[in-house]
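What follows is a short report on a single structure.
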Amino acid sequence: MTFLNVSWISILCLILACVLYLLFSISALKRLEWGKEIIILMRVSILVLFSVAFLRMAVKKERVVDTKGKVALLVDTSGSVFLPSRESGAISEFIKRKEEILGDLRKKGFRVEIFSIDETVSPLTEDTLLKGDEETHIVDSLIEFIKRRKGELHGIILISDGYDHSIMKADTLKPLKFPINTVLMPFPKKKDIWVDKVNIPYLIFRKVPVKVEAEIKGIEVDGEHRYTIYLNGQPVRRGVIRVKNGEGRLAREIIVPQEGDFLIAVKVDKVKGELTHFNNMKVKKVKVVRDRIRTLQLVGTPTWDVRFLRRFLKKNRSVELISFIILRTPEDVLFFSEDELSLIPFPSREIFESALSTFDVVFFQNFNYAPYLGWNGIFYLARLKREIEKGLGFVMIGGDRSFLRGGYKKTPVESVLPVKVRIVKEPLIRGRFEVTLTEEGKKHPLTSFLKPYEDKIPPLIDINVDIEPKKNALVLLREKKNDYPIIVVGNYGEGRICVIATDSLWRWYFTAKGEKGIDLYTPLMERILYWAGQDYTFSEVTVREEEDSTVVEVKDRTLKPCIGCTVELAAESPDGRIISEKEVKTDDEGVIILSNDFATTPYVLNVKPERRLEEFHFGIMAKDRKEYSELYKSHSSLEEIANITGGVFLRIEDFDPEEIVLKGNMKGKEEIIAEIWDTPLFILILFVIMLSEWAFRRRWGLE
Amino acid sequence: MIALIARVLFLILTFPHGKAPVSEFTWVQMKYDGSYDPFPEAYRNFLKLLEDRTSISPVYEKVFVNPESSEIFSYPILYWTGLSNFKSLSEVAKRNLFRFVKLGGLLFVDNSGNENSGFAISVRDELERIFGEKRIEEVPPEYVVFRSFFLFQINEAKRFKLEGINIDGRYGVVIANSVLRKFMVDESYFKLLINIVMYALTTDYKTDRVHERFILRRLR
């Protein structure tokens, strides 16, 4: 029971009116001898009925009625529905028919809530219908949405172009027991070319050829198309692919020169008028590791230093060694035929024209190049320089045929060395030379291990004095008395170079071990080998991808954390375009943490620490946007979703709300408010009482 | 007492003197209580031929090393020759020689007398004492020492009856007969001597795959 016209004014007025009327009645009925009680009773009844009418007393009732229920209309607003544009993409169909669809639904009794669906489900606004760039995660978003709103909704109508990149499959919707009706917005059939697949193993060995295979697909693009293969943003292979019946295949070999994380991108040139060029490139990340350190040892003459370096390299299981030792010079006279000799021609062409790029480290050990590289000598040295620039490690060891006597002054090799070749009368001096670590040598990972043995470092017996360190070089070990540099390291391009200005380092093994039981040669050569070979443990910059960020660790030349160092960072797209750049300082631990919004698609991170000439490159996969790269792929079709969930599949042009399936038979409760006075019975009763009162008054002589 | 004085004198006289060791090939001969240098000038002729025929630039100095001295570890090759039997080496000398070979040195034993000379017998006994259960065995004719510079056919190689003691997969002791005595008169001994020196300096270089094809073709 309720009163619909309740306010203190209306109640006050009613009470006043009732009191006045009763007082009037009592006064008017004084003359009556008998029957006045009946009339007063009647008048009170009239007052009560009138009050009921005035206060609009009503009764609330609930009744069960058939209802269409609340449905959610989910409209796909991901990037794909806006291709090639808002006006001609799949979304245009919905925009054109939006009011019509909503009108039809409401007419049929549906209560509609409209949402946009792409990576998540959110209320649809006019802005979301202007441009979309999000990925389509229909099934993933539906699962989350249904769990949230299941209790309130009776059904879902999903309008989409059908392309979905969800992680979950359609059958994960079945246990939710919720009908999803799907409506297809037709995807425009337009000319398009795309890279459908790229196959390359995730783990590959550096300097070992690996095949990159790709499938190119297209619509109305049969013919020849140019493609490019990029390695961390640099083009490494170009060619032409033939597309026939919408398909084409390519397979090319590439060689990755260094260890690390690389992005390999296959990109096909744009076709005029195609649907989108966002799918013209596909990116894969590869991890490049070393198999064994491929090492080349070129030797000018056999000496004890050669004997022990070769012994060290052969014994090391992680080394694949190729040695060439000059056993006979052009001046040597032999009264024997070639067939009696085990000597082979020095394969300068094979080494310097074909094989050089396959090596990780090259040792020139007391090697005078001129008699053996022939007329192509300088040309081959220039090739060596190019390979060093690309990352080849180079170790030059002294002796009587090295440096000045080796003819390296004013050659491409001198330009990469961390030392200059000096003209001196006696390039090699003999004696007993005490050596000591420099301040840099005490900290550098190559030689810091020698610190506890400083008093026990065996003397060297001959040293090259025809070199002097260049400006940026690091001298790690020097001769005590005259300060001659003995071990000098430096960088050239991506390559690392070590100069050892003696051929008597073998004594740190044979003599030191024999006399004192210590071996300083093996740990030193190991470090030099791994450092020159760019082993990961000697990297100055390392990058680690984490879930929400990318961590960059920067070290200085002595491989200690570079605290407060200014670092230039650049993100480059897999095909070499700069996406973003910034300059940052490392923190107290030599670390920079990059948030994921530095670049949101796969990119190549270029890191250039301050005062360094070289740049470091890392392939970062970030978030691979499948919306465009896998435009024509879908895990679950709309039809499948409808079938699995018990909904219907329709096309937007045939949309009919009558066919929509809802959750069970919908019965709703309706609240009805019935005002008591607004019934014929009430009016009849009031009329009868009023008539009776008049009749009695007349009968009993009252006006 | 006399023996002690003699030993002290011997050590003083054989104390290393003169120039520091170098990385180039040096003729290093073991000095011991016996006929340790029966052909004093032969080495010089050999070194001359070595320099003329190969890329090696030897040092024209003969160095005598007492195996009791730590100087043995300054030269990774040691030539041990003699004619007659000799007294057993001291324990220090034996230990040094063992370590010398174990660390990668080459002990080149050359019997300068006839096949059954006193030296040949004594040195075998001594080697057995030094190397224990490591046996003296025939060096196979395919072994790298027979192809380290000159190529020897199988029959040629077998002629030398070269023996050795295998230490850690290589012949660290090589035992030959009169190589230094005969190299000037017999070309094959000259070739063998060159090969032994090359073997000392390059070890198994000629077993690398890059040489295999050439060597096999030439041997055929």
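Quick one: which helices (runs of 4 or more DSSP H) lie wholly within segment A:596-703 and hold at least 1 residues that are touching a helix residue (DSSP H, G or I) at 6+ places or on another chain (Cβ under 9 Å) and modelled with pLDDT of 85 or more?
A:638-645, A:680-699
If the Cβ limit is 6 Å and pairs must be 6+ apart or interchain, which residue in segment A:133-154 that is among the small types (Gly, Ala, Ser) pairs with which residue that is modelled with pLDDT of 85 or more?
So the pair list comes out as A:Ser141/A:Ile117; A:Ser141/A:Thr120; A:Ser141/A:Val121.
Condition first: more than 22 Å from B:Phe39 (Cα to Cα) and hydrophobic (A, V, I, L, M, F, W, C). Now tell me which residues in segment B:90-129 satisfy that.
Within segment B:90-129, B:Val92, B:Ala93, B:Leu97, B:Phe98, B:Phe100, B:Val101, B:Leu103, B:Leu127 qualify.
Every residue, every condition in (1) at pLDDT 95 or above; (2) out of contact with any helix residue (DSSP H, G or I) (no Cβ under 7 Å at 6 or more places or on another chain), yes or no:
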position	(1), (2)
A:Glu439	no, yes
A:Lys442	no, no
A:Ile461	no, no
A:Val465	yes, yes
A:Glu468	yes, yes
A:Leu477	yes, no
A:Ile486	yes, yes
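Answer with yes or no whether A:Arg310 is open to solvent by less than 40 Å² (accessible area, probe 1.4 Å) and either over 44 Å from the mean Cα position of the chain (by Cα) or at pLDDT 90 or above (or both).
So A:Arg310 fits the description; yes.
Which ones in segment B:37-52 are within 14 Å of chain A (Cβ to nearest Cβ) and open to solvent by 30 Å² or more (accessible area, probe 1.4 Å)?
Residues satisfying the conditions are B:Lys48, B:Leu49, B:Glu51, B:Asp52.
How about segment A:446-474: which of its residues are small (Gly, Ala, Ser) and part of a loop (DSSP other than H, G, I, E, B)?
Matches in segment A:446-474: A:Ala473 only.
Working only within segment A:306-327, note down all residues that are aliphatic (A, V, I, L, M) and either on the phi > 0 side of the Ramachandran plot or more than 7 Å from chain B (Cβ to nearest Cβ) (or both).
A:Leu309, A:Leu313, A:Val319, A:Leu321
Take segment B:142-194 and flag every residue that is surrounded by fewer than 23 Cβ atoms within 10 Å (Cβ to Cβ) and polar (S, T, N, Q).
If the condition is that a residue be surrounded by fewer than 23 Cβ atoms within 10 Å (Cβ to Cβ) and polar (S, T, N, Q), then B:Gln153, B:Asn155, B:Asn166, B:Asn177, B:Ser178, B:Ser188 are the ones that fit.
Would you pick out the residues in segment A:417-447 that are in contact with a Leu (Cβ under 8 Å, 6 or more places away or on another chain) and farther than 30 Å from B:Tyr75 by Cβ?
A:Pro418, A:Val421, A:Arg422, A:Ile423, A:Thr438, A:Glu440, A:His444, A:Pro445
Out of all the residues in segment A:565-581, which are without any contact (Cβ under 8 Å) to a residue 24 or more places away in the chain and either over 27 Å from A:Val236 (Cβ atoms) or among the small types (Gly, Ala, Ser) (or both)?
A:Ser580
Can you name the number of the only condition in (1) in contact with a His (Cβ under 7 Å, 6 or more places away or on another chain); (2) under 19 Å from A:Val208 (Cβ atoms) that A:Ile344 fails?
Answer for A:Ile344: the failing condition is (2).
If we keep just the residues of segment B:54-68 that are under 20 Å from B:Met198 (Cα atoms) and open to solvent by 30 Å² or more (accessible area, probe 1.4 Å), which is farthest from the other protein chains (Cβ to nearest Cβ)?
B:Lys62
Can you pull out the helices (runs of 4 or more DSSP H) entirely within segment B:179-220 that have at least 1 residues that are modelled with pLDDT of 90 or more and closer than 16 Å to A:Ile322 by Cβ?
Hits in segment B:179-220: B:187-202.
Any residue in segment A:4-15 that is closer than 20 Å to A:Leu681 by Cβ, surrounded by 10 or more Cβ atoms within 10 Å (Cβ to Cβ) and of a type outside the set (Val, Ile, Thr)?
yes
Take B:Ile130 and tell me if it is away from chain A (no Cβ under 14 Å), without any contact (Cβ under 8 Å) to a residue 60 or more places away in the chain, surrounded by fewer than 21 Cβ atoms within 10 Å (Cβ to Cβ) and among the β-branched types (Val, Ile, Thr).
Answer is no for this residue.
Go through segment A:480-515 and give me each residue that's within 14 Å of another protein chain (Cβ to nearest Cβ) and either open to solvent by 10 Å² or more (accessible area, probe 1.4 Å) or not hydrophobic (A, V, I, L, M, F, W, C) (or both).
Within segment A:480-515, A:Thr502, A:Asp503, A:Ser504, A:Arg507, A:Tyr509, A:Thr511, A:Lys513, A:Gly514, A:Glu515 qualify.
Can you pull out the residues in segment B:69-91 that are away from chain A (no Cβ under 13 Å) and either open to solvent by less than 50 Å² (accessible area, probe 1.4 Å) or not in a loop (DSSP other than H, G, I, E, B) (or both)?
Within segment B:69-91, B:Tyr79, B:Trp80, B:Thr81, B:Gly82, B:Phe86, B:Leu89, B:Ser90, B:Glu91 qualify.
For B:Phe98, state whether it is within 13 Å of chain A (Cβ to nearest Cβ), within 22 Å of B:Thr203 (Cβ to Cβ), open to solvent by 70 Å² or more (accessible area, probe 1.4 Å) and without any contact (Cβ under 8 Å) to a residue 60 or more places away in the chain.
Yes; evaluated as a whole, the condition is true for this residue.
If you take the residues in segment A:562-595 that are among the charged types (D, E, K, R) and assigned to a loop (DSSP other than H, G, I, E, B), which one is farthest from the chain's Cα centre (by Cα)?
A:Asp588
Can we say B:Phe149 is within 17 Å of B:Leu49 (Cβ to Cβ) and within 12 Å of chain A (Cβ to nearest Cβ)?
Yes; evaluated as a whole, the condition is true for this residue.
Here is a check on your reading of the model: is A:Ile293 β-branched (Val, Ile, Thr), touching a Gly at 6+ places or on another chain (Cβ under 6 Å) and open to solvent by less than 10 Å² (accessible area, probe 1.4 Å)?
Taking the combined requirement at face value, the residue satisfies it.
Working only within segment B:101-118, note down all residues that are hydrophobic (A, V, I, L, M, F, W, C), within 13 Å of another protein chain (Cβ to nearest Cβ) and touching a strand residue (DSSP E or B) at 6+ places or on another chain (Cβ under 8 Å).
Hits for segment B:101-118 are B:Val101, B:Leu106.
Kindly provide the set of residues from segment A:417-441 that are over 21 Å from A:Ile497 (Cβ atoms) and under 54 Å from the mean Cα position of the chain (by Cα), ordered by number.
A:Thr436
I'd like to verify a number: residues in segment B:105-122 that are assigned to a loop (DSSP other than H, G, I, E, B) and at pLDDT 95 or above, how many?
Here the count works out to 1.
With the condition kept exactly as written, say whether any residue in segment A:582-589 is open to solvent by 20 Å² or more (accessible area, probe 1.4 Å), more than 29 Å from A:Phe449 (Cβ to Cβ) and in contact (Cβ under 8 Å) with a residue 40 or more places away in the chain.
No; the residues of segment A:582-589 include none that is open to solvent by 20 Å² or more (accessible area, probe 1.4 Å), more than 29 Å from A:Phe449 (Cβ to Cβ) and in contact (Cβ under 8 Å) with a residue 40 or more places away in the chain.
In the list A:Leu529, A:Leu559, A:Leu524, which residue meets the criterion of being more than 14 Å from chain B (Cβ to nearest Cβ), touching a Pro at 6+ places or on another chain (Cβ under 7 Å) and either open to solvent by less than 40 Å² (accessible area, probe 1.4 Å) or farther than 23 Å from B:Val101 by Cα (or both)?
After ruling out the rest, the residue left standing is A:Leu559.
The values are calculated or read from the model by the stated rules, or taken from the named source; none is laboratory data. No experiment lies behind these values; they were computed from the predicted model shown. Note that we place each Cβ from the backbone using ideal geometry, even for glycine, and neighbour counts take in every protein chain shown. Accessible surface is based on the protein model in full, side chains and every heavy atom, while ligands, DNA and RNA are left aside. Shrake-Rupley method; radii C 1.70, N 1.55, O 1.52, S 1.80 Å.
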